[in-house]
Structure formats: structure tokens, C-alpha cells
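Asks: Just dropping this structure here.
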Amino acid sequence: MRHSIAMTVNGRRTVLDVEPHRTLLEVLRDRLDLLGTREGCGVGECGACTVLLNGRAVVSCLVLAVSADGAEITTIEGLAKEGRLDPIRTGAIQCGFCTPGMIMAAKGASVLEGNLCRCTGYAKIHEAIAQSASPPAGRETTSA
Amino acid sequence: MTLIGQRIPKLDAADKATGRSRYIQDLRLPGLLEARVLRSTVPHGRIVSVDVSRAREAPGVFAVLASQDIPPKRYGYAKDTTALKGDRVRRIGDEIAAVAAVDADAAAEALDLIRFEIEPLPAVFDPERTLDPGAPLVHEDRGSNLVRTHDYAHGRVEEGFARAAHVVEGTFRLPAQAHGCLGPAGAVAEWDARGRLTLHDPTQIPFLIQRDLADTLGIPPSDLRIIQPTIAGGFGARLDLYPHEIISALLARAAGRPVRLAMDREEDFATDPVRPRTVVRMRTAAAADGALLAREADVIVDCGAYVSWGAVTPIVMMHTMGSFYRVPHVKYRARTVYTNTAPTGAFRGFGNPEITFAIESQMDELAARIGIDPVEMRLRNANQPGEVTPQGSRITSCGMKECLEAVRERMPPPGTRPPGGRPLLRAAGENLVASATQTETESPSSPAICPAGRIEGTEPARSPLRRGIGVAAVFHVGGGARIYRSDGCGAMVKIDDFGKATVVVGATDIGQGMETVAAQMAAEELGVPLEAVRIAPADTDVRPWDVGVHASRTTFIAGNAVRAAAKDAKRQIEAARTALGLPPDTPYDKVVRSEHFRDQGSLVIGRAYFDPPNAMVDAENKGNVSAAYVFGAHAAEVEVDVETGQVRVLRVVAAHDVGRAINPMYVEGQIEGGVMQGIGYALLEEVILREGGMSNPNFLDYRMPGPQDMPSIETVIVETNDPSGPFGAKGIGEPPLVPVAAAIANAVANATGVRLRELPMTPERVWRALRAWADVEAPGEICGKE
Ligand code: FES
Ligand code: FES
């Protein structure tokens, strides 16, 4: 009943057996311990689980793991290495639960239509995305 | 001052942005079991039998509990429920049995093996019908569905109405609003061999849970340790003890293994302690010059099947009734009632958005009758610095006037704006940025909010789009709120051998930025860089007492405690320098090390406890419940499609008196987030009940505002430097949500001439109201007068 799949996850080749009904989100979280990908709804309505699949932003709760066989997956943990953390400077983070999904969505597309945030009111998230599109040079540093 | 007023990023922002923060779903413990709960599918019934024997035999199952397996301990404000229900279920979703198994799948499979029989009983769902004679009783033993009555009065209200030039009257209906915290609720319980329980719990009230949960479990509170993981949103949803917390502890005890009870989205919605359905019947009287004379309200609040915080919202409403604007005669009665629906709870604003919707709608109705500008109407009645309201609220700093003037300056009447108005956030491409600091390029020469009435819009005559502007103000507590005998918070500041400071503070960071603000204040007081300050983990074994994160109290109360503790640490450093004969500029690390490496040395740990100078209300419901009050005003511009009833919010200007903005970036964050939740409350969000259960428990059908609903939001921070606030600061957590619905309803009335008194203002409700108005007043035309 299990299927063997091979994915490249954050640049690392990963082979594992999965049951056919498991979602990519479940595999990332429960099998690979990539906990930065969040589950806000499990049914494709909040965007908290957004990852890049072959460079395209997808909600991983709606992707069956078996269908990701052969794919290249990037999660927030993979992006974090790049060190581009614009939300930090602009204050776009409150509880932070939506944040990884927002960042991944912004990476894979420029529109956040499908990403919910209950805390921020979105203004600062959009500000962050707009700023990360242009180099951060010349911004004041704020801590003493 | 160097750190106060700075836009300093949150201390945990990097962890959150890189996915390193750990929420309750992310906890990994050896042997951790997952739990599921069997819930009632009928709204009211007698439990005839529950048979868990087959579930106990199922593979992977470690524990199964039904009510006979747990201590029959009642809990809650009215002690009207148990964690697993014994003889009765009183709402869809009531907990009947629970399973802990190796994983969530095994637990769910075992749940299917539980056999139970429930004999349905008649149920009551409508809070306006539940007190009718013959209505089914939610709690038979109580003999009535009335939970409590709250009465308040000052002046002689009939006299006020008798002298009035204008009286307006109406019934306002407010929906149940769900919190929709993006991370669903959950808890992880683990017991050690000595019988001590550690509960990982994203609660807003760790020190109250300690007492309440220990009581239901029959253990001493000191045997209960609460560790808060990163909290995925609070807004009041985590402000009480809930069945899932008790059940996880009971299952973990029975299983001898740690247990997580985490809800999925649907379960989170179905058990959410929603903002209560509320009905406000109100009338307000004014003199010919606009001075308010009298205000009277009769309120019904739905508690649901069991009493939680929803039942306390009348106290906050009462406070707004008695102290918002200068009203010489006020009378208020509220009744809280049981229905066979989910228990209602605390939600940001806590009764205030409900009553403010009525008060501020009627302010506009009165202004229209009198024929004065709505801002002028409010300025005429505004609270003043130094005023003591008839209810006993001692207003210290007060920026109400400044807030009203600020929104008037920034929101020009629609006629003065370019055709089409400001471009809005659209699906893609341009204008993705709506900055908080954005200002209008066109600056109107006569900055007046147009009075209610027909708007000469910029649209072509045949367009179905009507634009309007509405304002609403807010009054709220901002210096604590004494609803318990304690309104206190403790703090300690430890200076270590390396000159770094650890701040140990009782307050909880639910994403609002408490820890960063505490660090800013400590660093400022100690005269060290922010990097030299860290915050001790959220653990009741470590942190000192705090009542909890509610009532917009944290910056004010915890801030004062932290500031005083830092002062105390600094004093100890100075004393040590003197005692050791060190020069006055000796750095902290050297002073502390010198203490540690001498005979009979000492530690440098500053400590403080701050309990504000406020009081609980007396028998007449009077008293100064908060040490400071906050004020604000919003203006909203809307576009109403009179053919479809669709209301779009184009623009919001939100001005708030925060005393002093310790971190303006997070003040803006609170305002922007509050405005969006307010837009949800005004236009989109409603828990729809079928047989008392939530029929729309998902983000598709329970529509919270998404990026596409975002108007341009301009925030204005008004600083009044409160004398008792830490560095002058007051609270800002709740106020931004409070006036939004009223401002939007006033804008809709301004645009169309039709007033809506029921939320949310869905296209259908707006369309029906427009038709009804058109049929009566102006067949064939929709526009015109209030
Ligand atoms: S968890 Fe995948 S969209 Fe919500
Ligand atoms: S920051 Fe809390 S959901 Fe976005």
C-alpha cells in the first residue's frame, strides 16, 4: 500500500515510502520534521502551508505526496538559508503563524489572494513584499 | 531616551520568519500520543449510554475516557459543566468521550468504535426567545434560562428624555463572531512520576489556568506547570479553561504518556468561544444644540450552553454606557441567557464593539436630525482630560478631541476627491502597498466630514455605486481593568556576570509584541542596548504572577512592573558599586562579577509588582475600574452598489490616543489588524447556526477578511503621555476593532440614506434594506435622506 517517492527537498534528495492518501503537508511535517510549514485549515483555504513545488507556490495540504514524486520542493527552511527576512524589518509579523506561508507565496507568485492573516491586517505584509522586491539599501537600522 | 518610540522589530521575528517558532502543533515529545474527542451531534439530549469497550481494545489505543472515568468535577464561572458530559448534552459539539492513541488516525478509528445513545430533548437557540414561558430549559436544575441581570443607572433617565429635543430609538442585532486564530487550539499534557503535570498550552491566562485546572483535576495548583509555546493568535479565544485542556490532562494521566489534543480547523470553529450574539435595544436623547441628555439600553447576551466570558461582556458594555461621552442620565439593563449553542467567550473589545455599534449609530442619527456635522456632534459631547464620569471613571489623559479632529482633517468629503478615488489594492500588480504612513496628496481646504444626507458623488448619474463617509469614536479601558481582586503583574530583572539582563515577566506575548516592548523598557531604564536584554521563557515555574492578557492591559501593567524592576536592578548595581568602592562608571558585568567573587557577595535581581490604582465596581456598578482610559476615532469611506447590496470599504482613517507609542510599528500593527477584524465583523463574519451548531466551520464559508478586502488604512497615533503609564503609554490591543462597524454603518447610511442595525452588513441585508426603504420612501430611486 505504500509508494516509494523521491523528492528534492530544500536541495536534499529525499526518498521515502508514503501511503497514497498522505498529503505533501503531512509528509513534510510528520516525516521530515519540516515544521515551518503550518497547517491552518488542511483544506486549501488559508495558505499557511504554502511551499514551492518546482518553483511554483502551492498549498501543500492539497498536494498528494505521491504526486510530488520527482519534484523539487522548497519550504521556509530552505529559504531561510538565503537570509532575506524583510518581514522582520517592517513589522509584518504578529503571531507569525501565517508568516512562512506568506513568504513562500510571495516567492512563488506576487499575489497573496489565498493567504489569510488574522493579526496584521495585511498592510505591513504588503509593505514587506514590496520592499523585498527592491534592495533594502539605505533603510535605517532601528535598534540601538 | 533612545529606545522608547523606536520601530524595533520583534525579538522573535527571525524565528517566526524562518519557520523556527514552535506552536502547539509542532511540539515533539518521546512517546507523545494524539487525542480525539467524540462530540454530540444533537443540541440537547439525555445521555442514555456510552460504551467505550471496543474502542479500548482497538490497536494503538492507550486510553479512552467517558464521564464515568473522570472526577465529576464541575468547573467554570457558574460551575455548570464537566469536561466530559455525564447525563446531558446541551449543544452540538459537547464532549462525550475521548481517546488517546499512537497517532491521530488510530485515535479517530477508535472513536468510531464508541457506541452511545442519546435521547433528544427539545432545545432553544434564539437568545430573544429563550426567556419565553415554556422555552426548553438548558439547565433544568436552574429553573430558568436567565443567567444574570446587570443593572446600572445614573441621573434620572426619564427626566432626560422628557427634556429632549430629539430622541432616536432602535434595535441592534450583533452576530456571533469567531476568532479564527490561524493556528487551531490545542494542548499537550505530560505527568511526571511524582504526579506533577506540565501542560503546554497557548493560553492567555497561565496563572489562572493553574488554579482552575488543578481544581478540576484534584491536584494542588503548585503541582501544575504551564509552559506556553508560541501562540498562534489569541484575541480572547484563549482566555478561559476549556474542555480540551482538562481532557488532555486526564488522558495523559490515564495513558501514562504525554498526550496532545489538537483540534483541526472545523473543530476549532465548532468549539470556539465566539463573541456572543447580542441584541441591544437603545434610545438616545439630545438637546437642540446636540448635547446628549439621556441614553437607555436593554441588552440580551447569549451565553450559549455554559457560562464563560461571554456572560461578562455586559460589564464592559455598562462601562461604555456610563462613561462614553458626557451623558447626564443613563439607564442600562442587560440579561445574559442560556441557549443550546456553543459557550460564548471573550473577543477583542469584549462587549464594547457591540454597544458602541448602537451608541455611535445613534450619534449619527441624532446629528442628522439636528443638522450638524457628525464630528461636531461628537466633539460637543466628548470626554475631557481630568473629568470624572458619573460612573466614577477617572479620566486622566484624554485625546478624544484630537482623534476626532485628526480623522476630520484626513478624510475629505467625497466631492472633493478625484473621480474614482484612491486606487485600491487589487488582485495583482500595482498598488500592492498600502502603507500605514501614507497620506493624502490632495489636502482639502475645508476639512469637514460631510453631514449625513445625499452625497453628490463623482460617479456618473446612472452608476449603481454610491459613496459615503462615516465616523465613529471609541472609549475603552487602557490602564488595566479590575475584574478580579488582582489586576497585577510581577517582573524581575536579573543582571548576569556578562552584563546582560534577563527580564522575567508574568505577562503573555500573543503576537502583539509584549516581550519586545518589555525588553525596550528594561533596556531603556538600565541604559543598555536592546541586544543586552533577553526575555525568560513562558513558564509558570519561572515567571511571576500575572492576571492574563486581556483588557488591553499588558503594556500598561506589565510595562510598569518591568520598568520598576529594572529601576530596582539599577539601584542594586549602584549600591554595589558604592559598597565595593568601584568608580561610578564601572560596567554592569564587572560590578556583578565583583559581587559574585567576594565574601558574602550578592545577586543583582531587581523585582517589582505593579497593581494599578483602580477599583472593582461597587454594588451600584460604579467605580474607577481602570487607571487610564483610551480614546480613538475612525472615519471610513465606503462604496455601496445599490443594485447588489455589496459594500466595499475604500479607506479607513484610524486615530488612537495611546498615551505614548513605545513601538509605533506595533501600535500600527494593532490598529491595522483591529480594523480588519472590525471590517470582518461589519461586513463578512457570522457564525451561522443550524440546530445550534455552526454550519459554516471553515474559512470558505466563514469569511474572514483576506488581502482582497483590505482598504487603504491610515493610522494616526495621538500621544497624550498618561501620567501613570510606563513612559506615558496606555493600552491599544482592543480599541481599534471597537468603532469599525459603526463607522462603516454610518458610511453606508451616508451613501444611501439607509441605516442598517444588523451585522454583518451582507449584500443580502443591504439589498433588502435598500428595497424596503425604496418601496416606502422613494419608489424608483435609491438615494437621499437619513
Ligand atoms: S493548511 Fe493548506 S491552505 Fe490551509
Ligand atoms: S501574524 Fe498571526 S496570522 Fe498572520
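No lab work stands behind these numbers, since they all come straight from the coordinates. On a predicted model such as this, the values are computed, not experimentally measured, just so you know. Heads up, the Cβs are rebuilt from the backbone with ideal geometry, glycines too, and the neighbour counts pull from every protein chain shown.
Asks: I need B:Ser40, A:Ser132 ordered by Cβ neighbour count within 10 Å, fewest first. Intermediate results must be reported in sequence, preceding the final value.
Replies: Working: B:Ser40 21, A:Ser132 18.
Starting with the residue having the fewest Cβ neighbours, the order is A:Ser132, B:Ser40.
Asks: Shape of the range B:678-762 from its Cα gyration tensor (a ≥ b ≥ c, root eigenvalues): rounded if a/c is under 1.5, otherwise prolate when a/b > b/c, or oblate? Provide the component values of the computation, followed by the final result.
Replies: Values: a/c = 2.36, a/b = 1.63, b/c = 1.45.
Prolate, because a/c is 1.5 or more and a/b exceeds b/c.
Asks: Still on this structure, I have one more. What list do you get for A:Ser4, B:Ser712 if you sort them by fewest beta carbons within 10 Å?
Replies: Taking fewest neighbouring Cβ atoms as first place, the list is A:Ser4, B:Ser712.
Asks: Same structure, new question: Partner chain Cβ atoms within 10 Å, averaged over the residues of B:710-721 - can you pull that number for me?
Replies: Other-chain Cβ atoms within 10 Å of each residue's Cβ, averaged: 1.
Asks: For a quick size check, give me the Cα extents of the range B:319-370 along its three principal axes, largest first, whole Å.
Replies: Per principal axis, max minus min of the Cα coordinates gives 44, 21, 19 Å.
Asks: Right, next: Once you put a point 7 Å from the Cα of B:Arg771 and another 7 Å from the Cα of B:Asp141, both along the Cβ direction, what distance in nm separates them?
Replies: Distance between label points: 4.9 nm.
Asks: If you take each beta carbon of peptide B:226-237 and count the beta carbons of other chains within 10 angstrom, what is the mean?
Replies: 2
Asks: Would you please state the base-10 log of I(q)/I(0) at q = 0.05, 0.07, 0.10 1/Å for chain B, with intensities from the Debye formula using one equal scatterer on every alpha carbon?
Replies: One equal scatterer on each Cα of chain B leads to -0.27, -0.53, -1.06.
Asks: If you don't mind, another one. Against the empirical 2.2 N^0.38 Å scaling, what ratio does the C-alpha Rg of the protein assembly as shown come to?
Replies: Compared with the compact-globule rule of thumb, the protein assembly as shown sits at 0.94.
Asks: Helix A:123-133 sits at what angle to the longest principal axis of chain A, using alpha carbons and giving 0 to 90 degrees rounded to 10?
Replies: Taking Cα atoms only, the helix is inclined about 80 degrees.
Asks: What do the square roots of 5 times the Cα gyration tensor eigenvalues come to for the range B:87-139, in whole Å, largest first, as semi-axes of the equivalent ellipsoid? Provide the component values of the computation, followed by the final result.
Replies: Values: eigenvalues 223, 26, 11 Å².
Taking √(5λ) for each Cα gyration eigenvalue gives 33, 12, 7 Å.
Asks: About the Cα centre of the range B:626-722, how large is the charge dipole given +1 on each Lys and Arg Cβ and -1 on each Asp and Glu Cβ? Please answer in debye to the nearest 20.
Replies: 160
Asks: Compute, for the protein assembly as shown, the length of the dipole vector about the Cα centre, with Cβ point charges of +1 (Lys, Arg) and -1 (Asp, Glu) only. Units Debye, rounded to 20.
Replies: With only Lys, Arg, Asp and Glu charged at Cβ, the dipole is about 940 debye.
Asks: Moving on. Using the Cα gyration tensor of the range B:4-123, with a ≥ b ≥ c the square roots of its eigenvalues, what is the shape: rounded (a/c below 1.5), prolate (a/b larger than b/c) or oblate (neither)?
Replies: Oblate shape, in that a/c is at least 1.5 and b/c is the bigger or equal ratio.
Asks: Average the reciprocal distances over every distinct pair of alpha-carbons in the range B:488-610, invert the result, and give the Kirkwood radius in Å.
Replies: 14.5
Asks: Leaving out same-chain residues fewer than 8 places away, which lysines sit with a Cα under 22 Å from that of B:Lys85?
Replies: Within the straight-line cut-off, B:Lys85 pairs with B:Lys73.
Asks: What is the fewest-to-most order of B:Trp767, B:Trp191 by other Cβ atoms lying within 10 Å of their Cβ?
Replies: B:Trp767, B:Trp191
Asks: So what does log10 I(q)/I(0) come out to for the range B:613-691 at q = 0.17, 0.19 Å⁻¹, using the Debye formula with one equal point on every Cα and no solvent?
Replies: -0.89, -0.95
Asks: If a paramagnetic tag sat 7 Å from the Cα of B:Arg211 along the Cα-Cβ line, which residues of the range B:528-548 would have the backbone N under 20 Å from that point?
Replies: Under cut-off, by backbone N: B:539-548.
Asks: Find the centroid of the Cα atoms in the range A:18-80 and in the range B:283-351, then give the distance between the two in whole Å.
Replies: Between the Cα centre of the range A:18-80 and that of the range B:283-351, the gap is 46 Å.
Asks: Strictly greater than 19 Å: what percent of every Cα pair in the range B:177-294 meets that?
Replies: 53
Asks: Please go through the range B:484-531 and write out the GluC sites (Glu not before Pro) that DSSP classes as loop and that have at most 13 other C-beta atoms within 10 Å.
Replies: Passing both the DSSP loop test and the Cβ count: no residue.
Asks: Take the alpha carbon atoms of the range B:1-51, find their center, do the same for the range B:202-255, and report the distance between the two centers in whole angstrom.
Replies: One Cα centre to the other: 12 Å.
Asks: Please find the FRET efficiency linking B:Met616 to B:Ser222, where r is the Cβ-Cβ separation and R0 is fixed at 30 Å, and quote it to the nearest 0.05.
Replies: Details: r = 27 Å, r/R0 = 0.90.
Calculated transfer efficiency: 0.65.
Asks: What does the extension gain come out to for A:Asp33 and A:Glu113, with contour length at 0.36 nm per residue minus their alpha carbon separation?
Replies: So the extension gain works out to 26.0 nm.
Asks: A follow-up question, please. Per residue and in cubic angstrom, what volume does the convex hull of the Cα atoms of the range A:3-133 have?
Replies: 92
Asks: Let me ask something else. Nearest 10 degrees, 0 to 90: what angle lies between the long axis of helix A:99-108 and the longest principal axis of chain A (Cα atoms)?
Replies: That works out to roughly 80 degrees.
Asks: Here's another thing I want to ask about it. For B:Glu643 and B:Arg326 in the same chain, what is the full-extension length gain: residue separation times 0.36 nm, less their Cα-Cα distance, in nm?
Replies: Length gained, B:Glu643 through B:Arg326: 110.1 nm.
Asks: Only helices at least 15 Å long along their own axis, judged from Cα atoms, and with Kyte-Doolittle mean hydropathy of 1.0 or greater: name those in chain B from DSSP H.
Replies: The answer, listed by residue number, is B:740-752.
Asks: Right, here's the next one. Mean residue ellipticity at 222 nm from the helices of the protein assembly as shown, using -39,500 (n - 2.57) per DSSP H segment of n ≥ 4 over the full residue count, to the nearest 500 deg cm²/dmol?
Replies: So the calculated ellipticity at 222 nm is -7500 deg cm²/dmol.
Asks: If you take the beta carbon distance between B:Lys79 and B:Thr41 as r and set R0 to 30 Å, what does 1/(1 + (r/R0)^6) give as a FRET efficiency, to the nearest 0.05?
Replies: Working: r = 26 Å, r/R0 = 0.87.
Using R0 = 30 Å, I get an efficiency of 0.70.
Asks: Using 0.36 nm per residue of separation minus the Cα-Cα distance, give me the extension gain between B:Asp539 and B:Thr586 in nm, one decimal.
Replies: Details: separation 47, 0.36 × 47 = 16.92 nm, distance 3.35 nm.
Result for the pair: 13.6 nm of gain on full extension.
Asks: Return the whole-Å distance between the Cα centroid of the range B:367-392 and the Cα centroid of the range B:59-93.
Replies: Cα centroid to Cα centroid, the span is 50 Å.
Asks: Turning to a different aspect of this structure: Among B:Gln512, B:Ala564, B:Val493, pick out the residue whose Cα is farthest towards the positive end of the charge dipole of the range B:459-565, where Lys and Arg carry +1 and Asp and Glu carry -1 on C-beta, about the Cα centre.
Replies: Looking along the dipole axis, the top candidate is B:Gln512.
Asks: Now for a separate question. How many Cβ atoms of partner chains, on average, are near each residue of A:45-57 if near means within 10 Å of its Cβ? Mind dumping the intermediate values first?
Replies: Values: counts 8, 8, 4, 3, 0, 0, 0, 0, 0, 0, 0, 0, 0.
The shielding value for this peptide is 2.
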